[in-house]
Amino acid sequence: MTQYTIDLNTRIVPPQRQVWRLFPGKKYRFLQSFERQHSVFLDLPGLQLPDGPITSDLPDLDARILAARAIEPWAARAAQLARQGRTDEIPDPPDRDIAAYADKRLPKEAHTDKGAVIGFFARAAIGDLVVVPDAIPTRRVLIGEFIDGPERRTSVILPEMYGDEPMPARLVRWYPPVNELELSAELSTVLRRPNAFTLLGQSFHQEIFDHSYGTYYADGVYATRLWTEAERFTTEDALSLSLLSRLASTVAQAQEAGLSDPVQIAHIWQVLEVDVAERFLLDLKVNINSPGSLALKSRTLAPLILAALFSLLTTASAAEPQPNPNGAKVVNTAATGTPDPCAPAVDEAVREALSYMQYDVWRNACLRAKSLAEHPRMRGDSRAATR
């Protein structure tokens, strides 16, 4: 009998995960460089940082910021004159010796720079997310993930803006851009504030996770994402998705109850007659862009059970008997290095559901899932494969 491995591909978001907002400079001028070089940086050319991590009590941090603030206007002017072929008019550079600024006080307006430097090069951890707005007419928002800790830095040079002046930067992995119209008005307003680098409040975290991870577990919420490439989503497609979602909700509810009613599971395809508590039903959010997506969330395992069953049903054949419960194994490769509360519970739920399903239930569920995979070309972040 065919054996199946189901990979939930579900991000387990640790409670310490932070989300930052970075503004891409005046008139959004750094954004193309951010995208092209897969890195982000602050508007402080010539900022000199010590090797390794920095802390908020770095003794000469104020002096380092003052030196960079002195270099910035000179570097911009020097680059402009060089573009015009007037290199003989470039003034002498400011003093780069950090010690020369040791006795100077950081002006009030520079304290935002200091907060940004501490956040960017000391507090923003590996795996944290960073959100960057594009110019308003584009309606684009970038979401990236820091792939190294703050002590691992690279360097960026912007010849057109600052000549050969290096800028310390951090590498990021970008997710697909988000249409700003899909974001809440509150989040959109916060993103447009000109502060260089700030933390986003936790009230915005799930919204950002929806648009980056898609399929994830965070703070007691389970979420899964389904993609569709079709321009039309028919009522029959909606019915198939509803039936499979109800199936997952019923399995989740039965699992929590200790699967004390196997008869109900055996006849689970009569889902419209099954009494499912409201908290087991999935919240649905639809994105009609192409490709479109459907985000399903709940404080129960139902979204991940749906993801696992959908990937299994679309991989298996409706003409074959349903897999033996011991022939389906659920794993989660996206949870590497992170305690995973999802895969073991979903594995148990899928096995129990298969053990009680009658063949007509399995066949109908298979046909519904395959119709979604073929007509609206629906797919999930989770995957199933034979082994």
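The values are calculated or read from the model by the stated rules, or taken from the named source; none is laboratory data. The shown structure was predicted, so the numbers you read here are calculated from the model rather than taken from an experiment. Note that we place each Cβ from the backbone using ideal geometry, even for glycine, and neighbour counts take in every protein chain shown. Only protein heavy atoms, including side chains, enter the accessible area calculation; ligands, DNA and RNA are left aside. Shrake-Rupley method; radii C 1.70, N 1.55, O 1.52, S 1.80 Å.
Annotations for the structure displayed:
- Highest-fluctuation residue, ALA76, ALA277, ALA302 considered, GNM on the chain with Cα pairs under 10 Å: ALA277
- Inter-part distance where region 3-38 and region 154-202 are each reduced to a Cα centre, Å: 11 Å
- Largest GNM mean-square fluctuation across LYS285, LYS27, LYS114, computed for the chain with C-alpha springs under 10 Å, falls on LYS27.
- Residues of region 56-171: accessible area per residue with a 1.4 Å probe, Å²: 51 Å²
- Charged-residue dipole, Cβ positions (Lys, Arg, Asp, Glu), region 129-266 about Cα centre, Debye nearest 20: 160 debye
- Around the amide H of VAL156, modelled in the peptide plane, lie the amide H atoms of MET167, ALA169, all under 5 Å away and 5 or more residues distant in sequence or on another chain.
- J(HN,Hα) series, region 117-127, from Karplus relation 6.51 cos²θ - 1.76 cosθ + 1.60, nearest Hz, glycine and proline x: 4, 5, x, 6, 10, 9, 9, 5, 8, 4, x
- Note on LYS26: aspartates and glutamates with a C-alpha under 12 Å away, same-chain residues under 8 apart excluded, are ASP43, ASP134.
- Which of SER184, HIS205, PRO150, positive extreme of dipole for region 148-213 (C-beta unit charges): PRO150
- Rounded tilt (10° steps) of 61-83 against the dominant C-alpha axis of the chain: 80 degrees
- Cα→Cβ-extended label distance, 7 Å offset, between ASP148 and GLU236, nm: 5.4 nm
- Cα-based shape type of the chain, given that a ≥ b ≥ c are square roots of the gyration tensor eigenvalues and the cut on a/c is 1.5: prolate
- Global form of region 323-387, assessed from the alpha-carbon gyration tensor, a/c cut-off 1.5: oblate
- The charge dipole of the chain, taken about its Cα centre with unit charges on the Cβ of Lys, Arg, Asp and Glu (plus for the first two, minus for the last two), comes to roughly 460 debye.
- FRET efficiency for ARG299 and ASP88, using Cβ-Cβ distance with R0 set to 51 Å, rounded to 0.05: 0.15
- Value of Rg to Rh for region 62-175 (Rh from inverse mean 1/r over Cα pairs, i.e. Kirkwood): 1.02
- Here's the list of lysines a cross-link from LYS297 could span, going by alpha-carbon distance under 22 Å and ignoring same-chain residues fewer than 8 apart: LYS285.
- Fluctuation leader among ILE90, ILE65, ILE126 - the chain, Gaussian network, Cα springs under 10 angstrom: ILE90
- Selection from PHE233, ALA369, GLN16, by position along the positive dipole direction of the chain (Cβ): PHE233
- Selection from ASN332, ALA169, ALA257, by position along the positive dipole direction of the chain (Cβ): ALA169
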